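The values are calculated or read from the model by the stated rules, or taken from the named source; none is laboratory data. The structure displayed is predicted, hence computed values, not measured ones. Note: ideal-geometry Cβ built from the backbone for every residue, glycine included; neighbour counts use all protein chains shown. Each accessible area value is taken on the protein alone, full model and side chains, heavy atoms only, with ligands, DNA and RNA left out. Shrake-Rupley method; radii C 1.70, N 1.55, O 1.52, S 1.80 Å.
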Amino acid sequence: MEKSTGTQHKINLKHNSMALLGDRTYFKGIGQIAYEGRESDNPLAYKYYNPEHVVAGKTMRQHFKFAMAYWHTLCGTGGDPFGPGTKKFPWAQATDPFRAAEEKADAAFEFLTKIGFDYYCFHDFDLIDEADTLAQSEKRIQKIVAYLKQKQEASGVKLLWGTSNCFSNPRYMNGAATNPNFDVVARAGAQVKIALDATMELNGENYVFWGGREGYMSLLNTNMKLEQDNMGRFLNMAKDYARGQGFKGTFFIEPKPMEPTKHQYDFDAATSINTIREYGLQDDFKLNIEVNHATLAQHTFQHELQVAANAGMLGSIDANRGDYQNGWDTDQFPNNVYEVTEAMLVLLKAGGLQGGGINFDAKTRRNSTDLEDIFLAHIGGADTFAKALLAADAVLRSSAYEDLLEKRYASFKEGPGANFVAGKLSFSDLYTYAQQHGEPDQISGKQELFENILNQYT
């Protein structure tokens, strides 16, 4: 791994947060977060994330495209089913919706420029509160988008992806695109159009569909086939609209198995890939894989990445982790280097993400109430991914890992095994081969050796 040099990472000259804020500064006493190397004991510095350090032919900045999640970082006050929020953000005190939205945007860009991230992500009504009517909501979105556009131009920060919140409002209690009431489906379509317009106006690089309530609770009152077909129609209509407006980015589906809906139609990567293919969306859609959603589906993060990569649909990542003793989406910041190293092996071997980046869809804990904690959490998350990337690259370059993996499947490289892979054998050929060769040899999978190699480099 790279030895610390104490060199600060290159700072985009446009990233001058103070020039963007006027009199409104929220993270007082916190300056530009620099790379200081693993020997540093400065909690407000990167130990492993050096944006300009080249790994496997790309800088860390290019590999990761780190993004801030608007909803958790700026809107998540720590509330849970047992009590209200514990955090009183200074940018969330204004009663006028436009003033509140502008102050939130000021906080967002101050944070982004100080932390050194190039991207952010949002749901439509993270940006500004929803109004009483659709028309009023659209005017609010348009007004705050104009403000955000100025912030982007002044800072150099970009929009990784936008999405719409079609799950919180009571109108979506039975879903949005899959709702049994066409009036609700139409309202969801209008909301997604507005969110797409906002994303395009801000030069967003992608657009995400997360079907928070696209599923059902009981099959007794559900026409599953109609609901799934309607979802396919809805996604195609949204895609056609955006392409017609000149949108060149990638659309992502974000799988999630449950919570709040018991049976969600985007359960995991494999289910979502099937949806994409069934409705002819494979030329435009890929997946946004979230760590905590993977584990809720009883998979690992790296499994979901590999499923997406195998299908050519590894688009983007929502980085977080769950609590292995809790059965719900806790959205904690990633800190498991071993787990993320396995994920980075998948990422590197797949050639990287297609269109997206790594969005920290994570929130500080309920009892982490200092504004500084937001920085500490993102620094830790970025360092976890950076350290894992360095480890995975070293495993691929310097260890016996690739040779061992190749050796395990060597029987498919030549002879009858190669003919099988090439589709040149029949089922009768398999039968004849088995009759001639008797009981196969027992060959060890060497799992512990593979695990030891990862331990050596992490």
With a 1.4 Å probe and every protein chain left in place, tell me how much accessible area Trp328 has, in Å² to the nearest 10. 130
Label point 7 Å beyond Cα of Asn223 along Cβ direction - residues of region 169-206 with amide nitrogen under 12 Å: 179-182
Using the heavy atoms of the protein chains and a 1.4 angstrom probe, tell me the accessible area per residue for the chain in square angstrom. 47
Shape descriptor, region 382-458: equivalent ellipsoid semi-axes (Cα gyration tensor, sqrt 5λ, whole Å, largest first) stand at 37, 14, 9
Once the in-chain neighbours fewer than 8 apart are removed, the aspartates and glutamates whose Cα is under 16 Å from Lys104 read Asp23, Asp96, Asp124, Asp126, Asp129, Glu130
Using Cα pairs under 8 angstrom and six or more residues apart, how large is the relative contact order of the chain, in percent? 15
Mean projection of the alpha-carbon convex hull of region 307-360 over all orientations, in nm²? 4.2
Just name one of Tyr35, Ile379, Asn336: the one whose Cα is farthest towards the positive end of the charge dipole of the chain (beta-carbon charges, Lys/Arg +1, Asp/Glu -1). Tyr35
Longest principal axis of the chain (C-alpha) makes with the long axis of helix 447-457 (C-alpha) an angle, in degrees to the nearest 10, of 50
Please report, in debye to the nearest 20, how large the charge dipole of the chain is about its Cα centre when each Lys and Arg carries +1 at its beta carbon and each Asp and Glu carries -1 there. 760
Which of [x] 71, 57, 43; [y] 109, 49, 39; [z] 81, 61, 45 is the computed Cα extents along the principal axes in Å? It is [z]
Counting only protein heavy atoms, what percent of the accessible surface of the chain is carbon or sulfur at a 1.4 Å probe? 50
Theoretical FRET efficiency, 1/(1+(r/R0)^6), r = Cβ-Cβ of Thr432 and Asp403, R0 45 Å, to 0.05: 0.90
State, as an integer percentage, the relative contact order of region 315-439 based on alpha-carbon contacts under 8 Å between residues 6 or more apart. 26
I need the peptides 397-409, 365-377, 40-52 ranked by packing, meaning the mean over residues of other C-beta atoms within 10 angstrom, with the highest value on top. 40-52, 365-377, 397-409
Under 13 Å from the Cβ of Asp373, count the other residues' Cβ atoms, weight Lys and Arg +1, Asp and Glu -1, and hand me the total. +2
Between region 302-374 and region 91-121, how many Å separate their Cα centres? 24
Summing +1 for each Lys or Arg and -1 for each Asp or Glu, what net charge is found among the other residues whose Cβ lies under 10 Å from the Cβ of Leu296? -3
Helix 427-437: inclination vs the chain longest Cα principal axis, degrees, rounded to 10, gives 50
Simple Cβ-charge dipole of region 30-178, Lys/Arg +1 and Asp/Glu -1, about Cα centre, in debye nearest 20: 260
When you have a sec, figure out the Kirkwood radius of region 256-373 from all distinct Cα pair distances and drop it here in Å to one decimal? 14.9
Measure up Lys239/Lys286; Lys88/Lys158; Lys139/Lys256; Lys87/Lys114; Lys349/Lys413; Lys87/Lys256 against 24 Å on the Cα-Cα distance and list the ones that go over. Lys88/Lys158; Lys139/Lys256; Lys87/Lys256
Any idea what angle helix 224-244 forms with the longest principal axis of the chain, computed on alpha-carbon atoms, 0 to 90 degrees, nearest 10? 70
Taking a cut-off of 20 Å between Cα atoms, list the aspartates and glutamates near Lys225, but don't count ones fewer than 8 places away on the same chain. Asp183, Glu214, Asp266, Asp268, Glu278
